[in-house]
Amino acid sequence: MSLKLDGKKLSLEIEEKLKKDIESNINLTKRPPGLAVIRIGEDPASGVYVKNKERACSRVGIKSFIYHLKDTVEQKEVEQLINKLNTADDIDGMLLQLPIPMKFDEQRLISKINPDKDVDGLNEQNIGKLVKNEPAMRSCTPAGIVNLLRSQNIKIEGKKIVVIGRSLLVGKPLSLMLLNLNGTVTMTHSKTINLNKICQEADILIAAAGKPNLIDSSFVKEGAVIVDVGIHRLTSSDKSKTRLCGDVLLEDVITKVFAYTPVPGGVGPMTVTMLLVNTIFSWQKKFVLSSTLENLLP
Ligand code: NAP
């Protein structure tokens, strides 16, 4: 039987540790870690993601500050808010919930975030440090995936790893993290020729294309590890029911693989947990507290 890489279970275990970390230091710091989330506009999925982050913060004892801005605000006003939060004493981490409406210059906003508070790890300074394999905030989804693999002692060094997708949010930072851990990484994308054949070589196959059920058993080597990053809500033909699925047609690959991540309950919960880790790490750094979280930041 293949092994389920249970992100939900692991994230609860890490959360327990984080909660204790905060409890044991709060007498010294006199305030909890603080996370600011900036949301612009009314994208419904963003609303759900922000709520999940808020709930996760309160489970472990992080204070969250939600700034929900109307899409009529100007770029300049968002930049002013970021500047204010950059120097706010009670804020250790800050993120801009993506996607934001097209009229904003997303990269410019991200580049304004203080790199020490950039808990999404998307600021160019943190990306640059990842390229150089230096310690820094790491992007949450890729860091969550690495921790999920490590938690089951899945070896990365020397393995052939194929990453499908080259986005700034997932594919690129993940490929760099796996490369830094001595994997032999192939990054693929929508213009890749013979994707199927390339994937068949992978010891570890990571699907982050954002295409429902793209990967069936013909892409997968016997005994491979498969990580499904995609998350999609599919509606039945009569529109009466919805269900979540990933980029991988799990029922087709499950008997062939050594290990797999489920959707939901795989990569998703780990992403939120890594956001908590980054926020607490920044808080610990600010108060010069000793930390046991470094090993969670690949
Ligand atoms: P994205 O920005 O749309 O990037 C998708 C990437 O996949 C692009 O590089 C694209 O190639 C590539 N691609 C698209 N179709 C392909 C195909 N048929 N074959 C090979 N490559 C293909 O998406 P993203 O932000 O990276 O997210 C990817 C998926 O992960 C989405 O379903 C998203 O919802 C999910 N996600 C989940 C979590 C989580 O916590 N579970 C977090 C983040 C994202 P080009 O560069 O050539 O266009």
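The values are calculated or read from the model by the stated rules, or taken from the named source; none is laboratory data. Keep in mind the model is a prediction, meaning the values are calculated, not measured. Please note: Cβ atoms are built from the backbone with ideal geometry, for glycine as well, and neighbour counts cover all protein chains shown. Accessible surface areas use protein heavy atoms only, side chains included; no ligands, DNA or RNA. Shrake-Rupley method; radii C 1.70, N 1.55, O 1.52, S 1.80 Å.
Observations on the model:
- S236 fulfils the conditions (1) more than 16 Å from the ligand (Cβ to nearest atom); (2) surrounded by 15 or more Cβ atoms within 10 Å (Cβ to Cβ) except for a single criterion, (2).
- Pairing residues of the stretch 190-203 that are in the same structural domain as R166 (by TED's automatic domain parsing) with residues that are in a loop (DSSP other than H, G, I, E, B) and within 10 Å of the ligand (Cβ to nearest atom), at Cβ distances under 7 Å and at least 6 apart in sequence or on separate chains, gives I198/T192.
- Residue among Q97, Q107, Q125 that is within 16 Å of the ligand (Cβ to nearest atom) and open to solvent by 60 Å² or more (accessible area, probe 1.4 Å): Q107
- Selection within the stretch 16-48 - surrounded by fewer than 18 Cβ atoms within 10 Å (Cβ to Cβ), within 19 Å of P99 (Cα to Cα) and of a type outside the set (D, E, K, R): P44, A45, G47, V48
- Across the stretch 146-169, the number of residues qualifying as open to solvent by less than 90 Å² (accessible area, probe 1.4 Å), under 14 Å from K4 (Cα atoms) and part of a loop (DSSP other than H, G, I, E, B) comes to 2.
- Index of the failed condition, A88 passing every other in (1) open to solvent by 70 Å² or more (accessible area, probe 1.4 Å); (2) outside the structural domain of I206 (by TED's automatic domain parsing); (3) of a type in the set (A, V, I, L, M, F, W, C): (1)
- Any hit, the stretch 220-234, residues being among the acidic types (D, E), part of a loop (DSSP other than H, G, I, E, B) and touching a residue at least 12 places away in the same chain (Cβ under 8 Å): yes
- Count - residues of the stretch 204-223 that are under 18 Å from G171 (Cβ atoms) and either away from the ligand (no atom under 11 Å from the Cβ) or small (G, A, S) (or both): 6
- Take the conditions (1) within 15 Å of the ligand (Cβ to nearest atom); (2) surrounded by 14 or more Cβ atoms within 10 Å (Cβ to Cβ); (3) of a type outside the set (D, E, K, R); (4) closer than 29 Å to P135 by Cβ; G246 misses just one of them, which is (4).
Listed here are the residues, each with its yes/no results for (1) more than 16 Å from the chain's Cα centre (by Cα); (2) within 16 Å of the ligand (Cβ to nearest atom); (3) assigned to a loop (DSSP other than H, G, I, E, B).
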residue	(1), (2), (3)
T271	no, yes, no
L275	no, yes, no
W283	yes, no, no
V288	yes, no, yes
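- Failed condition for T271, given (1) open to solvent by less than 20 Å² (accessible area, probe 1.4 Å); (2) of a type in the set (S, T, N, Q); (3) under 21 Å from G171 (Cα atoms): (1)
- Within the set K129, K103, K53, the sole residue that is in a loop (DSSP other than H, G, I, E, B), at pLDDT 95 or above and of a type in the set (K, R) turns out to be K103.
- Only residues that are open to solvent by 30 Å² or more (accessible area, probe 1.4 Å), outside any loop (DSSP other than H, G, I, E, B) and touching a Gly at 6+ places or on another chain (Cβ under 7 Å) were counted in the stretch 249-268, giving 1.
- Residue identified as outside the structural domain of P264 (by TED's automatic domain parsing) and farther than 21 Å from L276 by Cα among E79, E54: E79
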